[in-house]
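First comes the structure, then the notes that go with it.
The values are calculated or read from the model by the stated rules, or taken from the named source; none is laboratory data. Note that the coordinates shown come from a computational prediction; the quantities given were computed from them, not determined experimentally. Please note: Cβ atoms are built from the backbone with ideal geometry, for glycine as well, and neighbour counts cover all protein chains shown.
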Amino acid sequence: MENLFYQPDLSQGALFLTPEESKHCLKVLRKKQGDTITLTDGAGYFYEALITEATISQCRFSIQRKWQEQLKKYHIHLAISPTKNPDRIEWMVEKCVEIGIDQITFLSCKNTERKSIKSDRMLKVALSAMKQSVRATLPVLSPLTSFQDFIKTDYSETAKFIAYVDMENPTHLMSLAKPGKHYLVLVGPEGDFTQQELNAALHKGFTKISLGNHRLRTETAGLAACLMLNLVNT
């Protein structure tokens, strides 16, 4: 498939590209009136469209065909503390979207050093990765949420794991995760979860897991968990 364009309001009849997408389509890719392009609404559907008006400010098109992205039998939700360096967590978001993830929630924990998230920037990174990997579903990016508030939510139908650096924690995520499930993995900040946070998660039914024999950076741990759960389902 060639370059993918994004228009979230396709189902509401928005048959045009944004100025940024229009410029890329017409100036960079040299598309013109009568050419065919492929779009996604970010909600699981692809569209084949014909350019009807090649205007850089608003490239217009008509829909020729619509089809649904292949549905998955599993769901991955990563809840992770943002890193002090924003570039690192943006890198993780990009790679997780390319590999395949359904939701990312940013957690504010006791040891979290970054207390704010640039939601617009994160969305832009996720959107670019979705288009790059030719996917039709944009993952849900939930705002920064306190750890205490997050674990109050009922995730009774989900396989719940908490990654924790512990010499007495030999159980690997790959050995516990069964295919075809909804998964939720918690990854803590650079200083890890506190003992109180760990105990609170365990009390809520989370299972403590390892991601390997070596200590990983926060963003590496998040990406590793995402990759492992996709591998379990291959």
### Task
Kindly list the number of the only condition in (1) at pLDDT below 95; (2) surrounded by 18 or more Cβ atoms within 10 Å (Cβ to Cβ) that fails for SER81.
(1)
### Query
Is there a residue in the stretch 108-119 that is part of a strand (DSSP E or B) and not acidic (Asp, Glu)?
yes
### Test set (1) free of Cβ contacts under 8 Å to residues at least 12 places away in the same chain; (2) assigned to a loop (DSSP other than H, G, I, E, B); (3) of a type outside the set (Phe, Trp, Tyr) - GLU190 fails condition number
(1)
### Query
So which residues in the stretch 215-234 are under 14 Å from GLU190 (Cα atoms) and assigned to a loop (DSSP other than H, G, I, E, B), if there are any at all?
ARG215, LEU216, ARG217
### Message
Here are the criteria: (1) surrounded by fewer than 21 Cβ atoms within 10 Å (Cβ to Cβ); (2) touching a strand residue (DSSP E or B) at 6+ places or on another chain (Cβ under 7 Å). Tell me which single one THR153 does not satisfy.
### Response
(2)
#### Entry: Extreme residue, farthest from ILE101 (Cα to Cα), among residues of the stretch 37-63 that are out of contact with any strand residue (DSSP E or B) (no Cβ under 6 Å at 6 or more places or on another chain) and not small (Gly, Ala, Ser)
THR55
### Query
Does at least one position in the stretch 155-167 carry a residue that is among the aromatic types (Phe, Trp, Tyr), over 19 Å from GLY100 (Cβ atoms) and within 19 Å of the chain's Cα centre (by Cα)?
yes
### Message
I'd like to verify a number: residues in the stretch 16-41 that are closer than 15 Å to SER57 by Cβ and either in a strand (DSSP E or B) or in contact with a Phe, Trp or Tyr (Cβ under 7 Å, 6 or more places away or on another chain) (or both), how many?
### Response
4
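Looking at GLN70, is it polar (S, T, N, Q), closer than 30 Å to THR234 by Cβ and at pLDDT below 95? Quick ask: steps written out before the conclusion?
Values: polar (S, T, N, Q): yes; closer than 30 Å to THR234 by Cβ: yes; at pLDDT below 95: yes.
Criteria met by GLN70.
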#### Entry: Lone qualifier among PRO170, PRO143 - being closer than 30 Å to ASN3 by Cα, modelled with pLDDT under 95 and exposed (fewer than 13 other Cβ atoms within 10 Å of the Cβ)
PRO143
### Query
Here are some conditions: (1) at pLDDT 95 or above; (2) hydroxyl-bearing (Ser, Thr, Tyr); (3) in contact with an Asp or Glu (Cβ under 7 Å, 6 or more places away or on another chain); (4) farther than 15 Å from LYS131 by Cβ. THR38 meets all but one. Which one does it not meet?
(4)
### Task
Filter the stretch 57-78 down to the residues that are assigned to a strand (DSSP E or B) and of a type in the set (A, V, I, L, M), then identify the one that is surrounded by the fewest Cβ atoms within 10 Å (Cβ to Cβ).
ILE63
### Message
Which numbered condition in (1) among the small types (Gly, Ala, Ser); (2) touching a residue at least 40 places away in the same chain (Cβ under 8 Å); (3) surrounded by fewer than 19 Cβ atoms within 10 Å (Cβ to Cβ) is the only one that GLY34 fails?
### Response
(2)
